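Engineer: Questions regarding the structure given below will be posed in turn.
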Amino acid sequence: MKSIENAKKKTNRRYGANLWGDPKSPLNKREYAPGQHGQRRKKMTDYGEQLYAKQKLKTYYGNVNEKQFHKYYVEAVRRGGDSAENLVGILESRLDNLVYKAKFASTIFASRQFVNHGHVTVNGKKVNIPSYMVKVGDVIEVREKSKQLAIVAAAVESSLHEVPGYLEVDSKKLTAKYTFLPKFDDIPYGCVMEPNLVIEYYSR
């Protein structure tokens, strides 16, 4: 657990941003990168800004690999309408993300391991694929034999984030219903995200 937390803090320092909204993060108190010269940010090129936005969004969702992330972009464009909104909707629908947002795991990285190890069901069937796409109306549940795990109790009781409005969570039964596909403004990002720049990056 400590190694995951340390990795999370290191990632936040790299981006100079509180990616997951940790209320105790020192980055809440400053708007510049850490280090002696943290306040002297070089102006990025358009390409640099787009790449930075892509890497930050990928990292927020647990370092999604590039091949998969590009597939999400292709699907977001295929759906028509606002591609940036479509992209974040797809990313939010990942099973590992929703398990984390439901507070069944303490971090997105812990959530990925939790799903991988077979602790979760969707509509009563075991699913151990973190990238599984949850549909609106689906019910996620921690498996009966996993409900007594200390890491689950710690995550449920954690105050690091609130459950978003698109999940109906029963923290006693450890179930979560995905009630609607969120728009960008519904998603509780801990820092500024720019999915529009991600779309621009891939559209070059």
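Engineer: Ratio of alpha-carbon Rg to the 2.2 N^0.38 Å globular estimate for region 70-153, to two decimals, please. Don't skip to the end; give the middle numbers.
Structural biologist: Numbers: Rg = 13.8 Å, N = 84, 2.2 N^0.38 = 11.8 Å.
After normalising by residue count via 2.2 N^0.38 Å, the value is 1.16.
Engineer: Calculate the spin-label point distance for VAL127 paired with HIS70, positioning each point 7 Å from the Cα along the beta-carbon direction, and give it in nanometres.
Structural biologist: With each label placed 7 Å out from Cα toward Cβ, I get 2.6 nm.
Engineer: While we're looking at this one, here's another question. Please give me, ordered by residue number, the trypsin sites (Lys or Arg not before Pro) of region 124-191 that lie in loop per DSSP and have at most 16 other Cβ atoms within 10 Å.
Structural biologist: Working: sites: LYS125, LYS126, LYS135, ARG143, LYS145, LYS147, LYS172, LYS173, LYS177, LYS183; in loops: LYS135, ARG143, LYS147, LYS172, LYS173, LYS183.
Passing both the DSSP loop test and the Cβ count: LYS135, ARG143, LYS147, LYS172, LYS173, LYS183.
Engineer: How long is region 114-187 along each principal axis, judged by its Cα atoms, biggest number first, in Å?
Structural biologist: 34, 28, 19
Engineer: Can you list which of the GluC sites (Glu not before Pro) found in region 135-204 are DSSP loop residues with at most 16 other C-beta atoms within 10 Å? Let's see the in-between values first.
Structural biologist: Numbers: sites: GLU141, GLU144, GLU157, GLU162, GLU168, GLU200; in loops: GLU162.
When the GluC sites (Glu not before Pro) of region 135-204 are filtered for loop state and at most 16 Cβ neighbours within 10 Å, GLU162 remain.
Engineer: What does the extension gain come out to for SER159 and LYS135, with contour length at 0.36 nm per residue minus their alpha carbon separation?
Structural biologist: Values: separation 24, 0.36 × 24 = 8.64 nm, distance 2.68 nm.
So the chain would gain 6.0 nm between SER159 and LYS135.
Engineer: Give the distance, in whole Å, between the Cα centre of region 50-64 and the Cα centre of region 82-100.
Structural biologist: Measuring centre to centre over Cα atoms gives 13 Å.
Engineer: Here's another thing I want to ask about it. Just the accessible area per residue of region 112-181, please: how many Å² with a 1.4 Å probe?
Structural biologist: Per residue, region 112-181 has 59 Å² of solvent-accessible surface.
The values are calculated or read from the model by the stated rules, or taken from the named source; none is laboratory data. Predicted, not measured: the structure shown is a model, and the values here were computed from it. Note: ideal-geometry Cβ built from the backbone for every residue, glycine included; neighbour counts use all protein chains shown. Side chains are part of the model used for accessible areas, which takes the heavy atoms of the whole protein and leaves out ligands, DNA and RNA. Shrake-Rupley method; radii C 1.70, N 1.55, O 1.52, S 1.80 Å.
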